[in-house]
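Report on the following structure.
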Amino acid sequence: MDYKPELLKENFVCPHCKIGTQHHWRFLASQSIPELEGQSIWYSDHSFLEHFKVSKCLNCSGPVIWFKDKIVFPTVLSEQPDPHSDMPKEISEIYREAASISSL
Ligand SMILES: [Zn+2]
């Protein structure tokens with residue numbers, strides 16, 4: 001299975017826990033929040049907010065914030081290729097962890 005993070009993909013490597021796992025997606029929308037009335041709040045129209053999406057890792061509950069098709073939080077995974085499909089799971093997890101920091 002290809003675990004490269006992609007917009008709206010259900011299973012990918014979490015940039016928090018580095019495990020290939022399932023993510024739930026959430027979408028942002030603008031609305032008035034009565035409790036915050038009178039405070040300095042930046043409202044935007046839906047056309048801008050729709051570019052932001054949040055996925056949540058089911059392994060570590062870490063949130064991933066996307067803008068269009070790119071991860072903006074946490075820092076982006078490296079562009080290293082995925083491990084070979086025949087690689088044992090334990091080794092592929094080590095490979096992914098090493099690949100995630102190789103650009104630092
Ligand atoms: Zn995670």
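Readers should treat all values here as calculations from the given coordinates under stated rules, not as data from a laboratory. The structure presented is a predicted model; accordingly, all values stated were derived computationally and were not measured. No Cβ is skipped: glycine too gets one built from the backbone with ideal geometry, and neighbour counts run over all protein chains shown.
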Karplus-derived 3J(HN,Hα) from phi for segment 3-15 (6.51 cos²θ - 1.76 cosθ + 1.60, θ = phi - 60°), whole Hz, x at Gly and Pro, runs 9, 5, x, 9, 3, 6, 6, 7, 10, 7, 5, 6, x
What's the exposure ranking of Met1, Met87, going from fewest to most Cβ atoms within 10 Å? Met1, Met87
So, in nm, how far is label Tyr95 from label Phe67 when the simple model puts each one 7 Å beyond its Cα toward the Cβ? 3.2 nm
